[in-house]
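A short worksheet on the structure shown next.
The values are calculated or read from the model by the stated rules, or taken from the named source; none is laboratory data. If you're wondering where the values come from, they're calculated on a predicted model, not measured in any experiment. Every residue, glycine as well, gets a Cβ built from its backbone with ideal geometry; the counts of neighbours run over all protein chains shown. Surface areas here come from the heavy atoms of the whole protein model, side chains and all, with no ligands, DNA or RNA. Shrake-Rupley method; radii C 1.70, N 1.55, O 1.52, S 1.80 Å.
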Amino acid sequence: MKIRQLSLFLENRPGQLRFPCKVLGDAGIDILTMSLADTAQFGILRLVVKEWQRAREVLEAAGVVVNVTEVLAVDVPDRPGGLAGVLEAFEKAGVGVEYMYAFASRERGRHATLLFRLEDPDRAAKLLEAAGVKLVPSDELFARSGA
Amino acid sequence: MTTQWNDAPGGFHPASAPDFLPRRELARLQLGRLQSVVARAYARVPLFRGRMEERGLSPADVRSLEDLARLPFTVKTDLRDTYPFGLFASPMEEVVRLHASSGTTGKPIVVAYTEADLRVWTSVMVRTFAACGLHRGDVIQNAYGYGLFTGGLGAHYGGEALGATVIPISGGNTERQLMVLQDFRVTAICCTPSYMLHLVERAREAGISFERLQVGVFGAEPWSEEMRRHIEATAGIRAHDIYGLSEIIGPGVGIECQRREGLHLFEDHFFPEIIDPETGDVLPDGAEGELVLTTLSKEAMPMIRYRTRDITALLPEPCACGRTIRRIRRIGRRSDDMLIVRGVNVFPSQIEAALLAVEGTLPHYQLVLTREHGLDEMEVQVEVTPEVFSDTIGAMEGLRRRLEAAIDHVVGIRAKVTLVAPRTLARSEGKAKRVSDRRNIQGGVS
């Protein structure tokens, strides 16, 4: 159920975001989705790719600090109140959200797919499934994005 | 466990005999040599003779080792002021080698050796390696720079005279260093501690482990005990601190034996004193102060009471290794490394210790000093490592705050910690540049 996410440390200065993207591009690795968290001093780029091990290798070889974490992909009904409903299930299950961002799905119109970084992904996955939240397995996620 | 007086499994190296002389015999040897070197410098070095005469002293006034305290000091600027050859006590026909150290300001200093000086240098380097437990059969990768810097050739001839295999790879070219380390069955390496750190990092990235490497002989820059533990743990070696300076001879002035509880000084050739850096008074053993060294046997360039600027103490207790030559405490700082930030004395080694105390693995750092509206600001730039990197902003800000708190705790001032990407700080292949002082102290005068 869990999706591997790569997090990259970036300094806040011009060219820092482009560099890892170029490294991945040169290696022929497609970025499926990403999100950038930033502070005044530094940023953390989180991204999902299909070949996460190879992506990690090429990034580390290029001198980038990479951290691998697990995130959960959740389908959210594409209608007003859809996300609120899912988050209500999270709340009832007692699952805390560290951060979340959207997955670029090609199934627009029916539902949106969001990636959630949760405190304890294994425990959260069990609780959420029990609460009726639909988790998207990684192979299905990659298939949807055409990867 | 009983203490063996022969450190090396291959047996005691004959060159190490002076390390174990009875103290009285050593003192007699030292006094005889001191009297000759003072007479030589007085007769041949006008600067020294002039300073002796100003004090109404002649070489005959040196009747005991205690009389050394009456003689004038020599300081680094004396070497610059007499550039290039003004302190030589031998004619050029007898000088067989010159080295020079690039001063950070102005002219370099030039040092000279006669054949006898080179023999002494080689012998103290043999004793250095023997004290580290090295012997015939060891393979030494000498990654100190060859050239005008004394490190490369000093370690080179010492290693060869020991009977070890020396690889004169010199500094730099990390890829080749790693290949040689692996392929040439290297058992010992000589380089600066900051370069060793760099090698360890690059080896880890390349998936290389140092299977045969057992000993590291690291020097030419101050490094902390925390840094030693980090290097030993990551490289799986025993790390020895080596001490030396070109003005005295180069590497081979002092070395940690296998106990690594202070550095033995080869005091049959280099006589140590500890002084109060303010008053110049000689301090008793155990007291912290500036190390002053007198070369007892140098011909081409005798140094009488040379102020090293290194802050240490002579350890009063004899070492359990059996060596009778005295030890100094590891040098964590130099008096001219000291920064004064908002009136507080700050040494880069304190910052290093604070950083390594948090999470354990943030050894690459640089201090940047600026002055804004008359107030000093200290920024500590720290490279992020995979071990401490987290995907959440909260965890990274927490790390930054813990580092700031550790510096505040150790040094006593607030510093701004900035996390920077790996390898953004300059990597040294020689000495690490830890400080960038951008304060324009003279700026406000006009």
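Numbers for the structure displayed
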{"read-out": "Stokes-Einstein diffusion coefficient of the range A:28-88, Kirkwood radius over Cα pairs, 4 °C, 1.567 mPa s, in µm²/s", "value": "91"}
{"read-out": "When the convex hull of its Cα atoms is projected in every direction, mean area for chain A (nm²)", "value": "9.2"}
{"read-out": "Nearest-10 value in Å² for the accessible area of residue A:26, using the 1.4 Å probe", "value": "120"}
{"read-out": "Nearest 10 degrees, 0 to 90: helix B:150-162 Cα axis against chain B principal axis", "value": "70"}
{"read-out": "For the protein assembly as shown, share of DSSP beta bridges that run antiparallel, in % to the nearest 5", "value": "75"}
{"read-out": "For residues of B:387-399, the mean tally of beta carbons on other chains within 10 Å", "value": "5"}
{"read-out": "The range B:240-305: C-alpha gyration tensor shape, a/c 1.5 cut-off, then a/b vs b/c", "value": "oblate"}
{"read-out": "Pairs beyond 20 Å (Cα-Cα), from A:50/A:92; A:2/A:22; B:76/B:107; B:76/B:298; A:2/A:126", "value": "A:50/A:92; A:2/A:22"}
{"read-out": "Whole-number D in µm² s⁻¹ for the range B:224-383, Kirkwood Cα-pair radius fed into Stokes-Einstein, 37 °C, 0.692 mPa s", "value": "188"}
{"read-out": "Karplus-derived HN-Hα couplings along the range A:58-70 (A = 6.51, B = -1.76, C = 1.60, θ = phi - 60°), whole Hz, x at Gly and Pro", "value": "5, 5, 5, 5, 8, x, 8, 7, 10, 10, 9, 10, 10"}
{"read-out": "The range B:196-240 shape via C-alpha gyration tensor axes, a/c threshold 1.5", "value": "prolate"}
{"read-out": "Protein-only accessible surface order, largest first, of B:288, B:226, B:247 at 1.4 Å", "value": "B:288, B:226, B:247"}
{"read-out": "Bins of 10 Å, starting at 0 and running to the largest distance - Cα pair percent for the range B:144-279", "value": "11, 41, 35, 10, 3, 0"}
{"read-out": "Cα-based convex hull, the protein assembly as shown, per residue volume (Å³, whole number)", "value": "196"}
{"read-out": "Chain B: projected area of the alpha-carbon convex hull, averaged over directions, in nm²", "value": "23.5"}
{"read-out": "Residue-averaged 222 nm ellipticity for the protein assembly as shown, from DSSP H runs of 4+ at -39500 (n - 2.57), nearest 500", "value": "-9500 deg cm²/dmol"}
{"read-out": "Karplus-derived 3J(HN,Hα), 6.51/-1.76/1.60, for each residue of the range B:201-212, Hz, glycine and proline x", "value": "4, 5, 5, 5, 4, 8, x, 9, 10, 8, 5, 8"}
{"read-out": "Chain B: angle of helix B:348-357 to the longest principal axis, Cα-based, in degrees nearest 10", "value": "40"}
{"read-out": "Percent antiparallel among DSSP beta bridges (both partners in the range B:66-200, rounded to 5)", "value": "50"}
